[in-house]
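The values are calculated or read from the model by the stated rules, or taken from the named source; none is laboratory data. Predicted model only: the values in this text are computed from it and were never measured. Cβ atoms come from the backbone with ideal geometry, glycine included; neighbour counts cover every protein chain shown. When the accessible area is computed, the model is the full protein with side chains, heavy atoms only, and any ligands, DNA or RNA have been set aside. Shrake-Rupley method; radii C 1.70, N 1.55, O 1.52, S 1.80 Å.
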Amino acid sequence: MAPMTRSRAANEGNVPFDIHEKYYRQRAGAGLIITEGSQVSKQAVGYINTPGIYTDAQVEGWKGVTKAVHEDGGKIFIQLWHVGRISHPDFHNGELPVAPSAINPHAKSFTPKGFKDTVTPKEMSIEEIKQTILDFRNAAKNAMEAGFDGVEIHSSNGYLLHQFFNRTSNVRMDEYGGSIENRARILFEIIDAIKEVMPENRIGLRLNPSLNGIFGMEADEETIPTFDYIVEKLNNYDLAYLHLSEPFNDVSEIDYLVSEIAKRYRSMYKGTLVINAGFDQEKGNKFILEGLADAVAYGKPFVSNPDLAARFELGAELSEWDQDTFYTPGEKGYTDYPTLQESKA
Ligand SMILES: Cc1cc2nc3c(=O)[nH]c(=O)nc-3n(C[C@H](O)[C@H](O)[C@H](O)COP(=O)(O)O)c2cc1C
């Protein structure tokens, strides 16, 4: 199950509670669940009601979730998230959100007062970068305490780490910018820091190399060479998996981007490869049979089909998801999708 923000931690401390327990338990048949992005610090947030993994109360809340999933035979990794510049001063007592460089993504932040335009963020100092690395490490430590089977570093979809990778969002001239190696540095420092507090083979990470024109991310000629460098370097680690997304939109007309991500990176990456975005059962099986990936992560189909794996096994019909309740508080559109058996009854 692919990571999906569902914005149900509608309480002051952004603490997961019973409703999360129920939702994830319903989906334990996935095999491996990757949770919604969960902020690694107070500063890492950019959307209302997303859960965190940096306070004791949040760790306690997640314990209920991991217990429920394990009781029902599933495994669960938590996605560790820092949104960087996809945020708003309303989340930070009027202070600016932080990013590798002071460049406005011209995107939207989902604040307590509705969607607001992003602002020009503050360029992170070296000290702030080092603190962020420690925040990821602390979040991973908390995740182990909360009973997760592993963590997925969210280095994808235009958020903080992706902002470091791209030349259009990172114009730094210190050791975190100016070259491919420097722009990728923070990711490897985070992996190295997390390795200190948990087994390396329980760390996964997510990349979306051809993301363009979404979440304020603009690709250029150095984008794919940057991801090539990252993927090659990941071979030096014994990670749980590398989770890649096929392009979220059509990039076939852009000659410096790659339309077939699994095809490019399967031969480059030696470890376990998870592929995602826009897959149905047939396409998923095809990729596995052709050796293009070791596993497929399904997102939206899991919103409305808690028993998706069982439905695939039976060749059963799938329920449609309701986009209007992706991010609304409460049980509606969250825990009220029936399993096949329940809908038959
Ligand atoms: C409601 C919703 C929330 C999402 N939240 C996250 C998230 O927190 N982290 C992440 O990496 N991707 C997130 N995504 C992207 C999904 O993981 C996935 O890449 C995308 O839905 C495409 O896969 P699919 O076609 O199987 O749905 C989200 C997608 C949806 C629909």
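Quick notes
- Taking a quarter of the surface of the Cα convex hull of segment 63-105 gives a mean projected area of 4.8 nm².
- Estimated from the Cβ-Cβ distance and a Förster radius of 30 angstrom, the FRET efficiency linking T328 and K122 is about 0.45.
- Inverse mean reciprocal Cα-Cα distance (Kirkwood Rh) of segment 202-295, Å: 13.7
- Rotationally averaged projected area of segment 168-254 (alpha carbon convex hull; nm²): 6.2
- Surface composition of segment 197-266: carbon plus sulfur atoms contribute 42% of the solvent-accessible area (1.4 Å probe, protein chains only, all chains present).
- Rg/Rh ratio calculated on Cα atoms of segment 222-345 (Kirkwood radius): 1.05
- Taking segment 58-122 as the region of interest, the number of lysine pairs whose Cα atoms are within less than 26 Å, with members eight or more places apart or on different chains, is 5.
- Annotation for segment 106-135 versus segment 12-26: alpha-carbon center distance of 25 Å.
- Overall form of segment 133-285 per C-alpha gyration tensor (a/c, 1.5; a/b vs b/c): oblate
- Computed over the chain, the percent of Cα pairs more than 26 Å apart is 47.
- Efficiency of FRET from Cβ geometry, E221 and L289, R₀ 41 Å, rounded to 0.05: 0.75
- The chain: relative contact order as a whole-number percent, Cα under 8 Å and 6+ apart: 16
- Lysines with Cα under 19 Å of K332, excluding same-chain neighbours fewer than 8 positions away: K22, K300
- Cβ-based charge dipole, the chain, positive-most Cα from T118, G74, L239: G74
- Per-pair calculated FRET efficiency, R0 = 30 Å: N235 and N11 via Cβ, rounded to 0.05: 0.10
- Solvent-accessible surface (1.4 angstrom probe) belonging to H243, in square angstrom, nearest 10: 0
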